[in-house]
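First comes the structure, then the notes that go with it.
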Amino acid sequence: MNTNFRNTPIEKLENATIVSQNTVLRSAFAWMSLAMVLTTISALLFAFVPELTTLLIEPTEFGGAKPTMLAYVVMFAPIIFVMAMSFGVNKMSLPVLIGTFVAYSIVNGISFSFIFFIYNIGSIYKVFLSTAGLFAVMAIAGYTTKTDLTKLGSILMIGLIGIVVASLINFFMHSAQMDYIISILGVIIFTGLTAYDVQKIKNIGEQAGDSSEGKKYGIMGALTLYLDFINLFLFLLRLFGGRKD
């Protein structure tokens, strides 16, 4: 079950002053890029370094393999990190928020190592490149469009709630057809949310100068874009990823 559905109300930052539209957007993309690098490195390390892989998977008495307790922790920990940042952003100091974001990206990467046990690495690589291309196109569209995407964003958020509920139900039903439908809707929703979020960050802006509040806003913007990317990637992988035999 995907635990990376987002809940990042970056509008909660108090007393944000719209001064410079682009500074916060550049900051958000910079932090997002760092998070993607950390996620990729940690995923590869835990997937291909045997000493680290054994921390996540242990042999069974019947010759198979099963997840360890640490594996379950890293599977569900990301949502706790996201909630902590989302609801505690105004109470956290900047160093604590940065540390939490960095820790989240690393832990999320560890949980991502499992995709290398399920899908062919060539398939993962192709889907990742496709995701990067689609994300870039929609980010540019969100930045350049003159159309107000606020109403679209509201509709997409309702759809996001819908697929979260559907995913919870299907977690127990194990319906392949429902999983396929959820994946298609997930791609559509996060494709639209990418454009919406880029426009939102551009329009809201940040506080003047290098204030702590403005830097916090950049971190929360990065978290939002990061979640758009990884969820788009996961849904595309479920649709087009080649599974191992």
* To do: Enumerate the amide H contacts of Glu58 below 5 Å, restricted to partners 5 or more residues apart or on another chain; note that Pro and chain-start residues carry no placed amide H.
  => Lys66, Thr68
* Scan around Tyr119 for amide H atoms under 5 Å from its own, H built in the peptide plane at 1.01 Å from N, and keep only partners 5 or more places away or cross-chain. => Lys244
* Structure fact -> Of the convex hull enclosing the alpha-carbon atoms of the chain, the direction-averaged projected area in nm² is 13.8 nm²
* About its Cα centre, what dipole magnitude does the chain give when the only charges are +1 on Lys and Arg Cβ and -1 on Asp and Glu Cβ, stated in debye to the nearest 20? -> 360 debye
* Asked: Tell me, what ³J(HN,Hα) does each residue in the range 76-83 have, in order and in whole Hz, if you take phi through Karplus 6.51 cos²θ - 1.76 cosθ + 1.60 with θ = phi - 60° and put x for Gly and Pro?
  -> 9, 5, x, 5, 5, 4, 4, 5
* **Proximal lysines relative to Lys151, as straight alpha-carbon distance under 20 Å, when same-chain residues fewer than 8 apart are discounted** => Lys12, Lys200, Lys202
* To do: Select from Leu129, Ile98, Ser111 the residue farthest towards the positive end of the dipole of the chain; place +1 on Cβ of Lys and Arg, -1 on Cβ of Asp and Glu, and compute about the Cα centre.
  => Leu129
* Structure fact -> Sequence order, the range 217-234: Karplus ³J(HN,Hα) from phi using 6.51 cos²θ - 1.76 cosθ + 1.60, θ = phi - 60°, Hz rounded, Gly and Pro as x, gives 4, x, 5, 5, x, 4, 4, 4, 5, 4, 5, 4, 5, 5, 5, 4, 4, 5
* **Relative contact order, percent, the range 10-240 [alpha-carbon distance under 8 Å, six or more residues apart]** => 39 percent
* If the cut-off is 22 Å between C-alpha atoms, which lysines fall inside it for Lys66, apart from same-chain ones fewer than 8 positions away? -> Lys244
* Structure fact -> Across 5 Å bins beginning at 0, the whole-percent shares of Cα-Cα pair distances in the range 61-194 come to 2, 8, 11, 13, 21, 21, 14, 6, 2, 1, 0, 0, 0
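Every read-out reported here was derived from the displayed coordinates using simple, explicitly stated rules and does not represent laboratory data. Here the structure is a predicted model, which means the values were calculated and not measured. Positions of Cβ are backbone-derived with ideal geometry, glycine not excepted, and every protein chain shown enters the neighbour counts.
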